[in-house]
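Written out below as structure tokens is the structure these notes cover.
Just so it is clear, none of the values below were taken in a lab; they were calculated from the coordinates. Source: prediction; values computed, not measured. Don't worry about glycine lacking a Cβ; one is built from the backbone with ideal geometry, like all the others, and counts go over all protein chains shown.
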Amino acid sequence: MTVTSDHTISQLFLLSNATQRADIVNRLLGNVSHDMVASLAASIGDFGDDQHPRVTPEQTEKITPAQMEEIAATAEQHTPGVVERVTAFFNSELART
């Protein structure tokens, strides 16, 4: 079975604490379209403007693994390599805890 970077990011999301999950999502949200931000806001509640979206740790409880994969895929389309960078950073963070 081939593991894609999208699956890896969703696995990291599930393994992380709420603060880390918010950091993962926020790093990716800086690389998505207005439509993606609006779609996520519709499902988890308002979290700032399009220019500086900030998801709180509490809001990450409402984000599903499927949504995380969609956010990651969209971010990767807009900024190739972003998922790999975020994944590498959080893999090292989780290794230290």
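Rounded to the nearest whole Hz, the Karplus-based 3J(HN,Hα) values (6.51 cos²θ - 1.76 cosθ + 1.60, θ = phi - 60°) of the stretch 83-92 follow the sequence 5, 4, 5, 5, 4, 4, 4, 6, 4, 5, with x at glycine and proline. With K and R counted +1 and D and E -1, the other residues having a Cβ less than 15 Å from that of T60 yield a net charge of -2. For the stretch 58-64, backbone phi angles converted through the Karplus equation (6.51, -1.76, 1.60; θ = phi - 60°) give residue-by-residue couplings of 5, 5, 5, 4, 8, 8, 8 Hz, Gly and Pro being listed as x.
Electrostatic bookkeeping for R27 treats Lys and Arg as +1 and Asp and Glu as -1; over the other residues with beta carbon under 13 Å from its beta carbon, the sum is -1.
With a cut-off of 10 Å between beta carbons, the residues surrounding L12 carry a summed charge of 0, where Lys and Arg count +1 and Asp and Glu -1. Binning the alpha carbon pair distances of the stretch 5-91 at 10 angstrom intervals from zero yields the distribution 20, 59, 21, expressed in whole percent.
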